[in-house]
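Structure record follows, encoded as C-alpha cells.
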Amino acid sequence: MIPFQMRPDEIVSEARSFNEKLAKGVGNLMDVGDIPSGVTPKEPIYKEDKLVLYRFKSETPASNKTPLLIVYALVNRPYMTDLQENRSTIQGLLEAGQDVYLIDWGYPDAADRFLTMDDYINGYIDRCIDVICARHGVDKLNVLGICQGGAFSLCYAAMHPEKIRNLVTMVTPVDYKTPDNMLSHWVQNIDIDLLVDTQGNIPGEMLNWTFLNLKPYQLMAQKYLGVVDLMDDPKALKNFMRMEKWIFDSPDQAGETFRQFIKDFFQQNKLIKGEVQIGEHTVNLRKVTMPVLNVFAEQDHLVPPDASRALKKYVGTKDYTELSFPGGHIGIYVSGKAQKMVPPAIGEWLNAR
C-alpha cells in the first residue's frame with residue numbers, strides 16, 4: 001500500500017486555511033462575553049451553609065401537582081442540566097408539566113472537610129424535601145437523582161421511602177464493579193484513607209484530571225484541534241465555551257464524604273450488598289418500593305450501562321422501568337436527540353403516576 005502523501009501546494013493551502021480560521025477565531029473568542037451558569041430563570045427558596053435550593057420558573061403552571069427535586073452529583077456543577085437554550089433538561093421537564101426544584105451544593109471549603117454522607121443525605125437532602133413538601137402541602141415528592149446524586153437519592157429513598165412518591169435515576173451507578181467500569185478499576189488499589197488524611201478536601205482539579213484521562217486523546221488533544229473548525233462560527237464557539245466552563249468548574253470534595261463514597265461504593269461495592277451504613281441506617285435497596293424509572297446512556301464511559309441496569313435486581317418495587325439513551329454521559333443532558341427523547345419521557349412517566 002502506498003502511504004498517503006500531500007503535495008507541497010496542498011500543505012501550504014491547508015496551513016493557510018488553518019491560520020485564517022485561527023485568526024478569525026481569536027476575534028470571535030474575544031467577543032464571546034460572559035458565559036452564564038444556566039439559562040432558565042430560577043429563585044432561591046432555601047439556603048443552608050453552602051447549599052442553595054432553587055425553584056425554576058415556568059411560563060405555564062405545572063400540570064403535575066407533585067413537585068420534582070433534582071439531586072445532582074457533588075463532583076460537578078448542576079448547570080449541566082440547564083446549559084443553553086434549546087439544550088436544557090430543566091426546560092424540557094418544565095415543558096413536560098413538572099414543578100422543578102434543584103439542589104446546588106455550592107463549593108465546599110476547609111470548613112466542610114468533616115461533612116459525611118449522613119450530613120448530605122439525612123441532613124441537607126432531607127431538610128430540602130421537608131421545605132418543598134411544606135410549600136406545596138404534600139407529604140411526598142418526586143426525586144430525580146443524577147449520577148452520584150442518583151446514588152444519594154437511592155440511599156435516601158431506601159431510608160425514607162415514606163417521603164418519595166416516584167424516583168428517577170439518571171446515569172446512576174449501582175453495581176460499581178462491572179468489568180467495563182474503568183473508573184472503578186483505577187481506584188481499587190488507591191489508599192483512600194491516606195489520600196483524605198493528607199489532602200483533607202479532595203481538589204476538584206485532581207478529580208477532573210482523572211475523568212479527562214479516561215479518554216485522554218478524545219477529551220483533550222482531539223477536542224482542541226477540532227475547535228479551530230468552530231472558531232469562525234460565533235454561536236458554535238460560544239456553545240463550546242459553555243461546555244468548557246462546566247468541565248473545568250469542579251468543586252472540591254468534602255474529605256469524609258469522599259472517603260466513604262469511594263471505599264464503600266467503588267472499592268467494596270456495598271450498595272448492592274446492603275451493607276452501606278449512613279448514620280443510624282443500613283441502606284437496603286429492597287426498601288425502595290416506590291415506582292422507579294432508571295435512565296442510562298448506552299455509550300457512557302463513566303457509568304457503563306451494566307452498572308446502572310443492575311438496579312432492577314436489587315430494588316423492592318414492582319413498578320420498575322428502564323429508559324436507554326443512545327449516547328454518552330454528557331450527551332444525555334445536552335444533545336438535540338436527548339432533548340427530544342429524555343425529558344418528555346420522564347415527564348410522561350411521572351405524570352402517569
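Readers should treat all values here as calculations from the given coordinates under stated rules, not as data from a laboratory. This structure is a prediction, so every number in the text was calculated from the model and none was measured. All Cβ positions, even for glycine, are placed from backbone atoms using ideal geometry, and neighbour counts span all protein chains on display.
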Original post:
Just for segment 279-306: of the residues that are of a type in the set (V, I, T) and in a strand (DSSP E or B), which one is farthest from D319 (Cα to Cα)?
Top reply: T282
Subject >> The one condition in (1) more than 23 Å from I45 (Cβ to Cβ); (2) in contact (Cβ under 8 Å) with a residue 40 or more places away in the chain that A157 fails to fulfil >> reply: (1)
Subject >> Top-ranked residue in segment 116-127 [being crowded, with 22+ Cβ neighbours inside 10 Å and not β-branched (V, I, T); ranked as nearest to S184 (Cα to Cα)] >> reply: M117
Original post:
If you go through segment 306-318 one residue at a time, do you hit one that is surrounded by 18 or more Cβ atoms within 10 Å (Cβ to Cβ) and under 16 Å from the mean Cα position of the chain (by Cα)?
Top reply: yes
